[in-house]
Each structure stands twice: as structure tokens, then as C-alpha cells.
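Values quoted throughout were computed directly from the atomic coordinates according to the rules given, and no laboratory measurement underlies them. The model shown is predicted, which means the values in this text are computed figures rather than measured ones. When we count neighbours, we look across all protein chains shown, and the Cβ atoms used for this are built from the backbone with ideal geometry, even at glycine.
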Amino acid sequence: MAQPTIHVAHEDQGNSGRYVVTLPGVEGEAELTWRSAGPGIIVADHTYAPDSMRGTGAASAMVQRLIADARERGLRIIPACSYVRAQFRRHPEWSDLQAEV
């Protein structure tokens, strides 16, 4: 059975924000937070998915949305969060978006 499409909401407070996933019938929410690190650079600093969402693809969907938004807005990303860092290693096609620390 195919998994349903995951909707990722983006909350942008200017110098920081987060991506959020809630799933129907599943308790809790997953989030990926980011903050500005100067002009054109953001730091992806935290990813969390509650146990109830593990294995649903929520965390991966948030990183994919982060990548799409960075491409659209011309941003580079510092992957300070271990999960985001691991996703960058798995997706060498994203290397142009990784900012040097």
C-alpha cells in the first residue's frame, strides 16, 4: 500500500522558522527548525519526529521541502543537525546547497 502524500507546513519568522508535519490519526508533530546565519545562509539546527511518526517519511519530507525552498530562494544550508547532515551525505546532488562552516 502506498503511503499518503505528506504535507509539510513552513513557518517563517524572518530570522528563524520551522517545517512541520502532522499526520491524520497520528499523535504529535514532527519538526525541522532553522535559523539565519547571515545573508543567503541558513542553519538547519534540529529535526525531531515523535515515536508515533517514525518510519512514516515525515523527517525526509521536511528535509526535501527545506532543499526545495533553499533552491527557490537562492539560499545555502549549514546542516548542523545530524539528520540533515546525513541526508546531505545520501544526496550528493544537493552539495551545491551546502554552505561551508
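Values as computed for the structure displayed
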{"read-out": "Rounded to whole Hz, the Karplus (6.51, -1.76, 1.60) HN-Hα couplings of region 15-26, x for glycine and proline", "value": "9, 7, x, 7, 9, 9, 10, 10, 10, x, x, 10"}
{"read-out": "Radius 13 Å from Cβ of Ile41, net charge of other residues (Lys, Arg +1; Asp, Glu -1)", "value": "+1"}
{"read-out": "Between 0 and 90°, nearest 10: helix 58-73 axis offset from the chain longest Cα axis", "value": "30 degrees"}
{"read-out": "Spin-label pair His7/Arg76, simplified geometry with 7 Å Cα→Cβ offset, distance in nm", "value": "3.5 nm"}
{"read-out": "Residue among Pro39, Pro79, Pro24 with the largest mean-square fluctuation in a Gaussian network model of the chain, springs linking Cα atoms under 10 Å", "value": "Pro24"}
{"read-out": "Residues Glu27 and Ser95, FRET efficiency given R0 of 35 Å [Cβ-Cβ distance, rounded to 0.05]", "value": "0.45"}
{"read-out": "Antiparallel content of DSSP bridges confined to the chain, in %, to 5", "value": "75 percent"}
{"read-out": "Relative contact order for region 30-101, counting Cα pairs under 8 Å that sit 6 or more residues apart, in percent", "value": "31 percent"}
{"read-out": "Region 34-100: trypsin sites (Lys or Arg not before Pro) falling in loop per DSSP and having at most 12 other Cβ within 10 Å", "value": "Arg54"}
{"read-out": "Calculated Rg and Dmax of the Cα atoms in Å (choose from [x] 13.3, 44; [y] 12.9, 38; [z] 12.3, 38), label", "value": "[x]"}
{"read-out": "Cut-off 14 Å between beta-carbons: net charge of the residues surrounding Val84, Lys and Arg +1, Asp and Glu -1", "value": "+4"}
